[in-house]
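**Q** Structure in structure tokens, see below.
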Amino acid sequence: MTSTLGEPARRFLESEPFEPDLFQIQAIQSIEQGRSVVVTAPTGSGKTLIAEAAIEIALAAGKRAFYTAPIKALSNQKYRDFVGRYGAAGTGLLTGDNSINGDAPTVVMTTEVLRNMIYADPAVLDDLGIVILDEVHYLQDRYRGSVWEEVIIHLPQGIQLVNLSATIANAEEFTGWMRSRRGPTDLVVEERRPVPLESMYLVRDRFHGDAVEWFPVFDRNGTRPNRRVLNLLRKGRGRHRRFGTPRRLEVAEALLGADKLPAIYFIFSRAGCEQAAATVAASGLRLTSAAEREAIRSVVAEATGGLDPVDLGVLGFESWLSMLESGVAAHHAGMVPAFKEAIERLFAAGHLKLVFATETLALGINMPARAVVLESFSKFNGESHELLRPGDYTQLTGRAGRRGIDESGTAAVLHSSYVPFQKVAEIARMGSHPLVSSFEPSYNMAVNLVANYPKSRTEELLRASFAQYRAAERARRLEERIAERRCEAERYRDEATCKYGDVEAFAAGAGGAGGETDAIRSFLAGLDSGDVVDLGDGEARVILVRGYGARPRFLLLSATSQRRKVGAEEFGASMRRLGSIDLPVPIRAEDDEYCATVADLLKTWEPDEPPTRVDESAVAEGSVGSCPRLDEHLAALARARRVEKDLRRLERRRRRQADDIVTRFNARLGVLSELGYVDHWHLSAKGRRLRSVYSEHDLLLTEAIERGLLDDLSPAEFAATVSMFTFEPRRSDPEETRLVGVVAERFEAIEAAWDDLTSVEERRGVVATGPPEPGFAPYAYAWASGAALDDIFGEDVFSAGDFVRNCRQLLDLTRQIRDTFPSIRGVAAVAIEQVDRGIVAAGGRV
């Protein structure tokens, strides 16, 4: 297959151990032809091969290549991989932590770094040929997703984009947007996994000694929920539930017994990961050989060699190493980078057999396993708990199955009484969900657009976002739908017109003579669940559920399992009660299996009593109630009302959609104008400084600096104050923070600045900037003052990884301040030196 490719790509592919797949060849051919590509494929299918071939093509043409990744850990991993291929001189790394050989032909960077380059110094992109956007589906991230769209929109034309994504449901739509922004773009879709996946459901069976049982999620055709599991779970209900959730140690033993190791066990809680790993390690379950334990010690020694022995003691190094030697580990964002790196290397090498991890492990890091376990089917999104989406399930389970090693991979979902088995099967079967935009103009984006483009071009670019592209397409479809529904409503109203009188008044109970509506109401009052009725169309339907009140509604089921909700107004004088069926109890009207059972009963049902009708003597001749087509009129009226209700809903949605991105941008521009950053599309001096501040608190931080709130501080006080703009408290962090001295005074002043800013934002209709967070300030102050690590962790408030991560974020923002605000450059530089030491400095090394 490679014979159709050019020399650079062919030579590269021939050096690989695997024969390339067809989708990889198709993507590489498009890149050779100078086209951009969107590649969506399951995790582990080989998207990285396409990226590496693209780099070879760019280098052979004398161009540079940029590889962007959403997280620093993935950037560091790719940097190490590329150094092995291109050498240290040919490879660069640019993240918030590192700036290594940034002029190299191949540079790995976080997506934010590329966005900043585009705004600050686009000339550095002159010899750039290709940009790889890895994990491009990250653009739906609510906090950082806008960065991906900014890159796609503002990157100079002529630079090819290689977009690598997990499987998404609207790949055609996303590619259409890419074409509108980047020109010729090909979509390459691979749905087949390189290693087949078997989805399993694990339960603890209390009737069989708490044994862990494995059941396939799907039936033999691989698409429908396993009926055996449905039946077992249904029978196992009641006062003494038969099935429970397997315990973590039980699952570990089951994985070992079924030869499903190595495995990744996802728990959406850092504490849960730590507890699970400790429990399994303490159980005496030994998963490693003597040779593997020796290899573990060797890798750990290399990974932690840069850490001070005293700090290792504070971090509980010995107990952690003992856990690793048993073949078990925890992996989450709260760990120090050296520990995480050691775990990733050991698992990839096959020395660790079971890793309990949070979902961060699913993002790009190369850690294939034989099996993946999902302890829970819901996770906390920062505000509430929500079910996993189909794409989340696919991403998490994508690590199951090692190419060239395993014939199949296993995804194991643990039974939960909170998530129905049918829902698990539905999400697992869907495989993907639509990619949505999270694009939202920021203050930094606003001043950079003002600096780089005229107003008309800025509005054009804003409307070029994926968010607006989708909104425009939704608006077009919405208008079509509104027009269709209007026509439907008019048609049904015509069909509801009766020559004998007002059908609507009759349905409301205001029309009719001789008590005809009373006769119908009396007839309806006698109907109940299980009654079989004919609405006048000759089809028998059974009543599953009936409502009550003056105008009850009924849920009917046909012999073809079709459910239909019917209002009292849809029952006419020609309806009949044919008899009744004994419905299985309890009645589960929303359960598809239950309805299928009842439909089967209806198919074979024979009436054992004569049908009953509405009292025809109560229906006056020549009235609406006597119309032979009354049932048709009433049905048409009911349809008209439903359509008109839907039409009102669609029109409300149209009014809500009228607010577009340009409107929201102009609102932010109004805030900037009121505060003196922009004046008639020209930036003031502080507006120009704001261009270089990349932070969720960009405007608040700049306002604080412009007010002098970071002046006259010691380096430690400076670090503590800056941390108020970077710290994001977790739910487990303390709510109250004790600040003293100058830092306390500055926090009060910054809070006052925040109050002033949010007042302007509220007046301008802008979503309010989040408040400054002082929770990390005492720790930043202590560390910058020279405190030892064991002093910092005396109260055990932060995990070591959180402490390092918060310090790295503090350093990143402090560097921006140093490079942007000359008046405080000196103290910022010293603060950087005093924070970037010991375990914090080690956390920034590659």
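The values are calculated or read from the model by the stated rules, or taken from the named source; none is laboratory data. Please read these numbers as outputs of a predicted model, since none were measured by experiment. A quick note on method: Cβ atoms are made from the backbone with ideal geometry, for glycine too, and the neighbour counts reach across all protein chains shown. For accessibility, only protein heavy atoms count, side chains too; no ligands or nucleic acids. Shrake-Rupley method; radii C 1.70, N 1.55, O 1.52, S 1.80 Å.
**Q** Per residue, how many Å² of accessible area does segment 28-139 show with a 1.4 Å probe?
**A** Heavy-atom SASA per residue in segment 28-139 reads 30 Å².
**Q** Go through 412-423, 300-311 and give me the packing order, highest mean Cβ count within 10 Å leading.
**A** 412-423, 300-311
**Q** Compute the length gained on full extension between Asp126 and Ser99: take 0.36 nm times their separation in residues and subtract their Cα-Cα distance, giving the result in nm to one decimal.
**A** Stretched out fully, the Asp126 to Ser99 stretch lengthens by 7.8 nm.
**Q** Could you sort Lys47, Lys455, Lys235, Lys645 by their accessible area in this structure, using a 1.4 Å probe and putting the largest first?
**A** Highest to lowest solvent-accessible surface, that is Lys235, Lys645, Lys455, Lys47.
**Q** Next question. Could you give the nm distance between label points at Asp259 and Lys455, where each point is 7 Å from its Cα heading toward the beta carbon?
**A** Rounded to a tenth, the inter-label distance reads 7.3 nm.
**Q** Calculate log10 I(q)/I(0) of segment 7-158 for q = 0.10, 0.16, 0.18, 0.20 Å⁻¹, where I(q) comes from the Debye formula with a single equal point scatterer on each Cα and nothing for solvent.
**A** With one equal scatterer per Cα and no solvent, log10 I(q)/I(0) is -0.33, -0.89, -1.16, -1.46.
**Q** Set the Förster distance to 45 Å, then compute FRET efficiency between Glu696 and Ala60 from the Cβ-Cβ distance, nearest 0.05.
**A** Calculated transfer efficiency: 0.65.
**Q** Let me ask something else about it. Could you look at the chain and say what percent of its accessible area is carbon and sulfur, using a 1.4 Å probe and all protein chains?
**A** Here carbon and sulfur together make up 48 percent of the probe-accessible area.
**Q** If the cut-off is 12 Å between C-alpha atoms, which aspartates and glutamates fall inside it for Lys603, apart from same-chain ones fewer than 8 positions away?
**A** Straight-distance partners of Lys603: Glu539.
**Q** With r as the distance between the Cβ atoms of Asn231 and Ile405 and R0 = 45 Å, compute the FRET efficiency 1/(1 + (r/R0)^6) and round to 0.05.
**A** 0.80
**Q** If you don't mind, another one. With every protein chain present, what is the per residue accessible area of segment 324-468 (1.4 Å probe, Å²)?
**A** 33 Å²
**Q** To continue, here is another question. Could you quote the convex hull projected area for segment 756-815, Cα atoms only and averaged over all directions, in nm²?
**A** Over every viewing direction, the Cα hull of segment 756-815 projects on average to 5.6 nm².
**Q** Applying 1/(1 + (r/R0)^6) with R0 = 22 Å to the Cβ-Cβ distance of Arg474 and Glu191, what FRET efficiency is obtained, to the nearest 0.05?
**A** Calculated transfer efficiency: 0.25.
**Q** Continuing with the same structure: Which whole-percent values make up P(r) of segment 278-387 when all C-alpha to C-alpha distances are grouped in 5 Å steps starting at zero?
**A** All Cα pairs considered, the percentages come to 2, 11, 21, 23, 19, 13, 7, 4, 1, 0.
**Q** Using Cα-only point scatterers and the Debye equation, what is log10 of I(q)/I(0) for segment 96-138 at each q in 0.15, 0.28 Å⁻¹, rounded to two decimals?
**A** Log-scaled intensity ratios, in q order: -0.39, -1.35.
**Q** Considering the options Thr358, Val162, Ala278, tell which one lies farthest towards the positive end of the dipole of the chain, charges being +1 on Lys and Arg and -1 on Asp and Glu at the Cβ, about the Cα centre.
**A** Val162
**Q** About its Cα centre, how strong a charge dipole does segment 775-846 have in debye, to the nearest 20, once Lys and Arg get +1 and Asp and Glu get -1 at the Cβ?
**A** That gives segment 775-846 a dipole magnitude of about 380 debye.
**Q** How much length is gained if the chain between Arg481 and Leu601 is pulled fully straight, taking 0.36 nm per residue apart and subtracting their Cα-Cα distance, in nm to one decimal?
**A** The span from Arg481 to Leu601 would gain 39.3 nm if fully extended.
**Q** Rg/Rh for segment 736-775: what does it come to with C-alpha atoms and Rh from Kirkwood?
**A** Ratio of gyration radius to Kirkwood radius: 1.08.
**Q** Full extension from Ala290 to Asp210: what is 0.36 nm times the residue separation minus their Cα-Cα distance, to one decimal in nm?
**A** Gain on stretching Ala290 to Asp210: 25.5 nm.
**Q** How far is helix 741-764 tilted, in degrees, relative to the longest principal axis of the Cα atoms in the chain, given as a value from 0 to 90 rounded to the nearest 10?
**A** It works out to around 40 degrees.
**Q** Add -39500 (n - 2.57) for each DSSP H run of 4 or more in the chain, then divide by its residues: what number comes out at 222 nm, to the nearest 500 deg cm²/dmol?
**A** Calculated at 222 nm, the ellipticity per residue is -14000 deg cm²/dmol.
**Q** Just how large is the dipole of the chain about the Cα centre, in debye to the nearest 20, putting +1 at every Lys and Arg Cβ and -1 at every Asp and Glu Cβ?
**A** In total the dipole reaches around 1320 debye.
**Q** log₁₀ I(q)/I(0) of segment 244-293 at q = 0.16, 0.26, 0.32 Å⁻¹, via Debye over equal Cα point scatterers, no solvent, to two decimals?
**A** Values, matching the q order: -0.50, -1.19, -1.36.
**Q** Rolling a 1.4 Å sphere over the protein heavy atoms, what is the accessible area per residue of segment 186-241, to the nearest Å²?
**A** Solvent-accessible surface per residue comes out at 65 Å².
**Q** Would you work out the charge dipole size for segment 725-846 about its Cα centre, treating the Cβ of every Lys and Arg as +1 and the Cβ of every Asp and Glu as -1, and quote it to the nearest 20 debye?
**A** Approximately 580 debye in magnitude.
**Q** What whole number of Å gives the distance from the Cα centroid of segment 73-121 to the Cα centroid of segment 577-600?
**A** If you average the Cα positions of each part, the centres end up 63 Å apart.
**Q** Now for a different question. In terms of Cα to Cα distance under 28 Å, which lysines are near enough to Lys686, apart from those fewer than 8 places away along the same chain?
**A** Reachable lysines: Lys455.
**Q** Step by step: find N for the chain, compute 2.2 N^0.38 Å, then divide the Cα radius of gyration by it. What's the final number?
**A** For the chain, the normalised Cα radius of gyration comes out at 1.14.
**Q** Now a separate question. Along the Cα→Cβ direction, 7 angstrom out, place labels at Val585 and Arg429. What is the inter-label distance in nm?
**A** Each label point is offset 7 Å from its Cα along the Cβ direction, giving 3.2 nm.
**Q** In nm, to one decimal, how far is the His385 label point from the Arg144 one, both placed 7 Å along Cα→Cβ?
**A** Label-label distance for His385 and Arg144, simple model: 2.7 nm.
**Q** Of Leu387, Tyr418, Val373, which is farthest towards the positive pole of segment 359-469's charge dipole, taken about the Cα centre with +1 and -1 on the beta-carbons of Lys, Arg and Asp, Glu respectively?
**A** Val373
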